[in-house]
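Notes to accompany the following structure.
The values are calculated or read from the model by the stated rules, or taken from the named source; none is laboratory data. Computed from a prediction, not measured in an experiment: that's the story for all the values here. Ideal geometry is used to build each Cβ from the backbone, glycine not excepted, and the neighbour counts take in all protein chains shown. Accessible surface is based on the protein model in full, side chains and every heavy atom, while ligands, DNA and RNA are left aside. Shrake-Rupley method; radii C 1.70, N 1.55, O 1.52, S 1.80 Å.
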Amino acid sequence: MAGKPILHYSNDRGNMESIRWLLAAAGVEFEEEYIETREDLEKLMNDGVLMFQQVPLVEIDGMKLVQTRAILNYIANKHNLYGKDIKERALIDMYDEGIADLNQLIIRYPYSDPGVKEATIAQIKDKARNRYFPAFEKVLKSHGQDYLVGNQLSKADVRLVELLYHVEEVDPTIITSFPLLQAFKTRISSLPTVKKFLQPGSQRKPPVDEECVKKVFRIFH
């Protein structure tokens, strides 16, 4: 029997947070080995386990996987979160790419200079309100089903609900204009595995604060 996946990253959200969300939604227990110092990162590099000298790194099923989307796709494939056929997978990937575009802005803005940070927050709000949320509201309205694709849970649903929570931290008012997204968020959050992950004390990480920013810069810059 394979052991639990081991996640190698700093103790913050970053690109690992979507991996934590997807594993949790799939009901998979995982362990974390935090990168606390520059030396921890350099050790992984010197050990040759970081193919492109960067994290996330996930040890799973005897493999050492890097690159966020490759890791997410493996987890989704393994746990039946990737649709029933090639057409459904194409839709899931298409939605996921859109989600990732906005999520990257959210991941990066806390590490920006103050002037840039304010501009990025404004951009996040604008893109959520006028581009991404209307697109997903339209998808949900078009088929009237509980999930984005094929009326079953997929990685796109998990990624979208994660995004909704993150945007809500930036501006809690945006989602109020999108009733189907509000209902979707409530519905996915009520799934037992997701509900457990949303509880205090889970491996879900809090929003990035100033101390976290300083630590990340010490490790990665």
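When the Cα centres of the range 90-162 and the range 1-73 are compared, how far apart do they sit, in Å? The range 90-162 and the range 1-73 have Cα centres separated by 23 Å.
Which trypsin sites (Lys or Arg not before Pro) from the range 58-98 combine a DSSP loop assignment with at most 14 other Cβ atoms within 10 Å? Can you show the working numbers first?
Values: sites: Lys64, Arg69, Lys78, Lys84, Lys87, Arg89; in loops: Lys84.
When the trypsin sites (Lys or Arg not before Pro) of the range 58-98 are filtered for loop state and at most 14 Cβ neighbours within 10 Å, Lys84 remain.
Among DSSP beta bridges whose residues both lie in the chain, state the antiparallel percentage, nearest 5.
On the way: 7 of 11 bridges.
Once the DSSP bridges in the chain are tallied, antiparallel ones form about 65 percent.
Count Lys and Arg as plus one, Asp and Glu as minus one, and take only other residues whose Cβ is under 15 Å from that of Glu29; the net charge is then 0.
Near Ala128, within a Cβ-to-Cβ distance under 12 Å, what is the net charge of the other residues, with Lys and Arg +1 and Asp and Glu -1?
Working: positive: Lys125, Lys127, Arg129, Arg131; negative: Asp101, Asp126, Glu137, Glu168, Glu169, Asp171.
Taking every other residue near Ala128 into account, the sum is -2.
Here the chain exposes an accessible surface that is 52 percent carbon and sulfur, computed with a 1.4 Å probe and the other protein chains kept in place.
Could you provide, to the nearest whole Å², the per residue accessible area of the chain with probe 1.4 Å? Walk me through the numbers before you get to the answer.
Working: 11340 Å² over 221 residues.
That works out to 51 Å² for each residue.
Expressed as a fraction of 2.2 N^0.38 Å, the C-alpha radius of gyration for the range 75-218 is 1.09.
Place a +1 charge on the Cβ of each Lys and Arg in the range 100-209 and a -1 charge on the Cβ of each Asp and Glu, then give the dipole magnitude about the Cα centre in debye, rounded to the nearest 20.
On the way: 16 positive and 12 negative charges, 65 e Å.
In debye, rounded to 20, the range 100-209 gives about 320.
Give me the net charge for the shell around Ile19: Cβ to Cβ below 11 angstrom, other residues only, Lys and Arg +1, Asp and Glu -1. Surrounding charge for Ile19 is +2. On a per residue basis, the convex hull of the C-alpha atoms belonging to the range 128-187 measures out at 71 Å³. For the chain, the 222 nm mean residue ellipticity estimated from helices alone, with every DSSP H stretch of n ≥ 4 adding -39500 (n - 2.57) and the total spread over all residues, rounds to -17000 deg cm²/dmol.
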